[in-house]
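Structure first, then comments.
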Amino acid sequence: MDEYGNSGEGRATRRDEAVRAAVEQGLLGPDSPIVGLLDVTGIRESAAELRAAFAEVTAPGTPVLHAFAVKATPLVPVLRLLREEGIGAEVASPGELALARAAGLSPAQTVLDSPAKTPAELREALALGIAVNADNPQELDRIDGLVRSAVSRSPLGIRVNPQVGGGSIGATSTATATSKFGVALRDEGAREWVVRAYLDRPWLSRLHAHTGSQGIPLSLMAQGVAETYALAEEINRRIGRPQIDTIDIGGGLPVNFASDATAPTYAEYARALREAVPGLFDGRYGLVTEFGRSLLAKHGTIVARVEYAKSAGGRAVAVTHAGVQVATRTVYVPGSWPLRITAYDGKGRPKSGPEVVQDVAGPACFAGDLLAEGRALPLLDQGDYAAALDTGAYYFAHHYAYNSLARPGIYGFVPDRATGVRFATVRDPQTLASIVAESGGAHAGALTTLHAPGSR
């Protein structure tokens, strides 16, 4: 049992029931061979766990905003559900901001972070009153001009990089010496520049850093937060008043992809932070968090029909409809992003029987399009289903249009006494007409009208 009652066993039971019900209710079948499933009960439980974990360590009355990193699962119904559970939104593009607004998130519940904000993005955020963390000195110069030209209610801060090091996955390590994010604090003159920026701008009231991500240990995450807190203390001492009133500690709690257990938990991380940075929780600073993967990953499942079962070189190969288009990271970097695969029979029931070493292949036209290679599973036959687990974040909502493969439909589910499982559409399956439209269908003859001078 995970802390606060969100058990891996309970998730697995709900998942098995949902797969069977998806087949019985026609969401999965020969004509709809791939879907994404979201466990609404599990999402609500994770949101409650996050809130409870930080409530346990913060002083009463401390303002805390848990802002979901929209990039993890950019789906409007998910953002609306999280809003209902007391979770805001951290956005990093005009598109993500539009999704958050469509979900009903207020400016006070929204934080804008991005390393490449345009003047128009900044102008919109400041007009709306959305919190903004400036990534670098040039961006702060832009904000200076906007603040001078119009009054804004936006809480404003600077993102810093404490440069405490990376984890086991280089591509997701944000606090390395050469990370593209934030002001690199250990570079010559950088720390003093940050302090001076606050001294010169009494409207700067926040400080932001993000050290965590998949592959980052809790100790390194806590070190990054400690460095950021120490800088806030230094700035406030230099100014002589508590100008920085909020510290945004980012998110990035890693996810256990090896089993159904939640590890580490939010409670474990919050306690580690309290031990490493006790002053952060004494009520002098408001807090912002930006968790993404850890809120959604374990509550999503991609289920794909086995179109063909074959063998090659003595190895069984199940050719499914889930591959690089929905699991891009796993296909291209399987060592860093392995996924558990569960076998279901043609009626959506967990498949039993002797385990056979086999490949679970996707539909894209290149040899490396494999969800799993050399995996021991009950033998998958034609018409069975392969489920990729823990895919609720950075998977089926991040479509990669290889071979013009359609985006799958996504459905949320809850247990239901009358039907066993009740589904709600989160995103409709993409149509062929939509694929054509996105590929310039309205401009089919555009290039044929262009001719070099004198060519005709």
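When residue 330 is tested against (1) in contact with a strand residue (DSSP E or B) (Cβ under 6 Å, 6 or more places away or on another chain); (2) under 25 Å from residue 254 (Cβ atoms); (3) polar (S, T, N, Q), exactly one condition is not met: (1). Kindly indicate whether residue 230 is in the same structural domain as residue 156 (by TED's automatic domain parsing), closer than 30 Å to residue 296 by Cβ and modelled with pLDDT of 85 or more. For residue 230, the condition - in the same structural domain as residue 156 (by TED's automatic domain parsing), closer than 30 Å to residue 296 by Cβ and modelled with pLDDT of 85 or more - is not met. Among the conditions (1) at pLDDT below 95; (2) closer than 29 Å to residue 268 by Cα, the only one that residue 115 does not satisfy is (2). Taking region 55-78 as the search range and keeping residues that are under 17 Å from residue 254 (Cα atoms) and not small (Gly, Ala, Ser), which one is surrounded by the fewest Cβ atoms within 10 Å (Cβ to Cβ)? The selected residue is 71.
To keep it simple, each residue is scored yes or no on (1) surrounded by 15 or more Cβ atoms within 10 Å (Cβ to Cβ); (2) within 27 Å of the chain's Cα centre (by Cα); (3) of a type outside the set (Val, Ile, Thr).
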position: 397; (1), (2), (3): yes, yes, yes
position: 404; (1), (2), (3): no, yes, yes
position: 425; (1), (2), (3): no, yes, no
position: 436; (1), (2), (3): no, no, no
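Checking each residue in region 407-434 for being farther than 25 Å from residue 393 by Cβ, at pLDDT 95 or above and β-branched (Val, Ile, Thr) picks out only 431.
Rundown of residues vs (1) small (Gly, Ala, Ser); (2) crowded, with 17+ Cβ neighbours inside 10 Å, yes/no style:
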position: 206; (1), (2): no, yes
position: 210; (1), (2): no, yes
position: 221; (1), (2): no, yes
position: 227; (1), (2): no, yes
position: 232; (1), (2): yes, yes
position: 237; (1), (2): no, no
position: 243; (1), (2): no, yes
position: 255; (1), (2): no, yes
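Residues being under 30 Å from residue 40 (Cα atoms), among the hydrophobic types (A, V, I, L, M, F, W, C) and free of Cβ contacts under 8 Å to residues at least 40 places away in the same chain: count how many of those fall in region 424-456. Qualifying residue count, region 424-456: 2.
Within region 416-427, the only residue that satisfies the criterion of being in a loop (DSSP other than H, G, I, E, B) and β-branched (Val, Ile, Thr) is 419.
The test for being assigned by TED's automatic domain parsing to the domain that holds residue 228, touching a Phe, Trp or Tyr at 6+ places or on another chain (Cβ under 9 Å), under 18 Å from residue 248 (Cα atoms) and at pLDDT 90 or above does not hold for residue 140. Of all residues in region 319-336, those satisfying the criterion of being outside any strand (DSSP E or B) and among the β-branched types (Val, Ile, Thr) are 324, 326, 328, 330, 331, 333. For first residues located in region 9-29 and part of a loop (DSSP other than H, G, I, E, B), partners that are of a type in the set (Val, Ile, Thr) and lie 6+ apart or on another chain with Cβ distances below 7 Å form the pairs 27/35; 28/35; 28/303. A single member of 449, 391 is among the hydroxyl-bearing types (Ser, Thr, Tyr) and more than 21 Å from the chain's Cα centre (by Cα), and it is 449.
Of all residues in region 332-388, those satisfying the criterion of being on the phi > 0 side of the Ramachandran plot and touching a residue at least 40 places away in the same chain (Cβ under 8 Å) are 348, 374, 383. Scanning region 438-456 for residues that are surrounded by 11 or more Cβ atoms within 10 Å (Cβ to Cβ) and outside any loop (DSSP other than H, G, I, E, B) gives 438, 441. Where strands (runs of 3 or more DSSP E) sit wholly within region 347-415, those with at least 3 residues that are under 25 Å from residue 426 (Cβ atoms) occupy 385-388. When the residues of region 195-213 are narrowed to those that are in contact with a Leu (Cβ under 7 Å, 6 or more places away or on another chain) and among the hydroxyl-bearing types (Ser, Thr, Tyr), which ends up modelled with the lowest pLDDT? Residue satisfying both the conditions and the ranking: 211.
Contact annotation: residue pairs with Cβ atoms under 8 Å, 6 or more positions apart or on different chains, pairing a residue in region 250-278 that is under 14 Å from residue 53 (Cα atoms) and touching a residue at least 24 places away in the same chain (Cβ under 8 Å) with a partner that is surrounded by fewer than 16 Cβ atoms within 10 Å (Cβ to Cβ) and among the hydroxyl-bearing types (Ser, Thr, Tyr), are 272/219. Looking across region 305-320 at every residue that is within 24 Å of residue 400 (Cβ to Cβ) and in contact with a Leu (Cβ under 8 Å, 6 or more places away or on another chain), the one that is surrounded by the fewest Cβ atoms within 10 Å (Cβ to Cβ) is identified as 306. Of all residues in region 183-197, those that are assigned by TED's automatic domain parsing to the domain that holds residue 138 have Cβ atoms under 6 Å from Cβ atoms of residues that are surrounded by fewer than 16 Cβ atoms within 10 Å (Cβ to Cβ) and in a helix (DSSP H, G or I), 6 or more apart or on another chain, in 195/238. When residue 32 is tested against (1) among the small types (Gly, Ala, Ser); (2) touching a Gly at 6+ places or on another chain (Cβ under 9 Å); (3) in the same structural domain as residue 122 (by TED's automatic domain parsing), only condition (3) is not met.
The values are calculated or read from the model by the stated rules, or taken from the named source; none is laboratory data. These numbers were taken from a predicted model, which means no experiment stands behind them. Virtual Cβ from ideal backbone geometry, glycine too; neighbours counted across all protein chains shown.
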